[in-house]
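So the structure is just underneath, and the comments pick up after that.
Rule-based calculations on the coordinates, nothing more; no lab input. Since the model is a prediction, treat every value here as computed from it, not as a measurement. Heads up, the Cβs are rebuilt from the backbone with ideal geometry, glycines too, and the neighbour counts pull from every protein chain shown.
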Amino acid sequence: MSANSKSASAGKNVILSSVRDTLRGAGQVMFQESAWTGLLFLAGIFWGSYECHLPQVAWGAVVGLIVSTLSGYLVDDRDGSGPQGLWGFNGILVGCAFPTFMANTWQMWLALVICAAATTWVRRGLNNVMGRWGVTSYTFPFVLLTWIFLLASRQFSALGPVTLSAPELTEAVPGAIDTSFVSLVIYWLKGIAQVFLVDSWVTGIFFLVALAVCSVRAAIWAGIGSAVALGTAFLFQGNTADIAAGLYGFSPVLTAIAVGATFYKSNYRSALWALVATVVTVFLQAGMNAFMAPLGIPTLTGPFCIATWLFMLEAYKFSGKKQHAQASVKK
């Protein structure tokens, strides 16, 4: 093989590996180290975003994913986070959140790039602190930085917090809700889709298929997490509009995957622990909704982070528990 052929082959391999690592970043939002899962996640985001007439959310996801991955390599990938996709998952969530809550201006896109890039530095810093307790920051870099930028958007008219709620104390709004089987399935699927802030039941199907491509167990626990959240919200008569939109489901879905399918070996005790963690996440979701309402900003995946930290602390040990200082799923 000639030198030119070798150079072209090496360049092609670099491009392919870069695309693979970037797509894995999308998959790692739900703890899946799979480029195919990440690609299907993006497909679901595009479908739901265009269905809801918010194409900027889909393109924001792409920008956030690429920017955070690139900035991760600038940080220096000595710990192997890049090939596992661990630089990208916070950035893609930033990319979904900014166009959802702020005006579609060039200043918003600039802020999105800044925030997505910053998640890689914040993630490394938080992990350095949290590693001593055997947990990682999960999606908290996205949560923390997005809260800051959303609050700042109320001071910068160019960002325009167009869909943020007014700062006020809130209470559950009772009301009639369709409880037919088809409607319940739609609410259930939306709970999964809302992990990426997408209000589409079709996107929920995309995400379940994407999970199953990498881990059937993860797909099952995602379904369980959304179902448990939906049942708990109905039982305790949560806000009907939030139930219908799947807004009680997204953090419990992540908790269920983390505790039930990712960081503990499968047995009846870990399954029970995962169910308890999922229910607790629903209450954390409701409590944080009330807590954040006076600030007029969403909880994002904050309830998932808090619940998973609590249920992954070293004080609770099961036989055969996996080392959870690593944030990726080994296959």
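Springs join every pair of Cα atoms under 10 Å in this Gaussian network model of the chain, and among PHE46, PHE236, PHE283 the largest mean-square fluctuation is at PHE236.
Helical content of the chain, expressed as a calculated mean residue ellipticity at 222 nm, amounts to -21500 deg cm²/dmol (DSSP H runs of 4 or more residues, -39,500 (n - 2.57) each, divided by residue number, nearest 500).
In vacuo Debye scattering of region 86-155, one point per C-alpha: log10 I(q)/I(0) at q = 0.12, 0.22, 0.23 Å⁻¹? Rounded to two decimals, the profile gives -0.31, -0.87, -0.93. Each residue in TYR264, TYR73, TYR138 was given a count of other beta-carbon atoms within 10 angstrom of its own, and listing them fewest first yields TYR73, TYR264, TYR138. 3J(HN,Hα) along region 191-196, derived from phi through the Karplus expression 6.51 cos²θ - 1.76 cosθ + 1.60 where θ = phi - 60°, amounts to x, 7, 5, 5, 4, 9 Hz, with x in place of Gly and Pro. Radius of gyration over Kirkwood radius for the chain, both on Cα atoms: the Rg/Rh ratio is 0.97. Neighbour counting of Cβ atoms within 10 Å sorts the residues PHE181, PHE31, fewest neighbours leading, into PHE181, PHE31.
Counting other C-beta atoms within 10 Å, which of TRP273, TRP106 has the fewest, and how do the rest follow?
Starting with the residue having the fewest Cβ neighbours, the order is TRP106, TRP273.
Note that region 278-292 has calculated 3J(HN,Hα) couplings of 5, 5, 4, 4, 4, 5, 4, 4, 5, x, 6, 4, 5, 5, 7 Hz, one per residue in order, obtained from phi through the Karplus relation 6.51 cos²θ - 1.76 cosθ + 1.60 (θ = phi - 60°); glycine and proline are x.
Assign unit charges at the C-beta atoms only (+1 for Lys and Arg, -1 for Asp and Glu), then state the dipole size of region 65-171 relative to its Cα centre in Debye, rounded to the nearest 20.
180
3J(HN,Hα) along region 38-51, derived from phi through the Karplus expression 6.51 cos²θ - 1.76 cosθ + 1.60 where θ = phi - 60°, amounts to x, 5, 5, 4, 4, 4, x, 5, 5, 4, x, 5, 6, 4 Hz, with x in place of Gly and Pro.
Under the criterion of Cα pairs below 8 Å and six or more residues apart, the relative contact order for the chain equals 19 percent.
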